[in-house]
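The values are calculated or read from the model by the stated rules, or taken from the named source; none is laboratory data. None of the values given here were measured: they were computed from a predicted structure. For neighbour counting, all protein chains shown are included, and Cβ atoms are generated from backbone atoms with ideal geometry for every residue, glycine included.
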């Protein structure tokens, strides 16, 4: 999930926002702490420790909740509503994919096989709702098909990740504007 934060910061920079002031305030460090924990969880999976996968749903909720610090600190209530709608849409897309596939989320690894993140036998070891996708999958476009090498995302996951992207982008904008007013 760190890539979402980095993409938001890069996009903010391209939009002309000053991102340095964002790192002079405490809320971004709460978010960054959760992003670093996510990296540690991904490293555990890379090393074959699939027991952490069972905590992923709880972790995602905690991660998204960490953005409340940015929302409250910079009064990003409109952005939070837009991001929350995106989370609801993404969650619904994932629920549709799971319901259409007998309570399972099919996964189609490609790059992850090359990086070592996924292996064919990993799905039997993980023992969660994720299963290796086959040609019999319903609504394949809603399943986990976006392979970034260390994670495999669904279209719903992309919508869910819009929430942190929007919050970080507008937090950077708010910090940039405050910083310019002080100069």
Turns out the helices (runs of 4 or more DSSP H) fully within the stretch 57-136 with at least 1 residues that are at pLDDT 95 or above are 68-73, 77-100
Checking 111, 137, 126 in turn, the sole residue that is under 21 Å from the mean Cα position of the chain (by Cα) and free of Cβ contacts under 8 Å to residues at least 40 places away in the same chain turns out to be 111
Scanning the stretch 11-26 for residues that are surrounded by fewer than 20 Cβ atoms within 10 Å (Cβ to Cβ) and assigned to a helix (DSSP H, G or I), the one nearest to the chain's Cα centre (by Cα) turns out to be 11
Of the residues in the stretch 67-92, those that are more than 11 Å from residue 160 (Cα to Cα) and under 13 Å from the mean Cα position of the chain (by Cα) number 1
Residues of the stretch 137-156 being surrounded by fewer than 20 Cβ atoms within 10 Å (Cβ to Cβ) and not in a loop (DSSP other than H, G, I, E, B), in sequence order, are 140, 141, 146, 153, 155
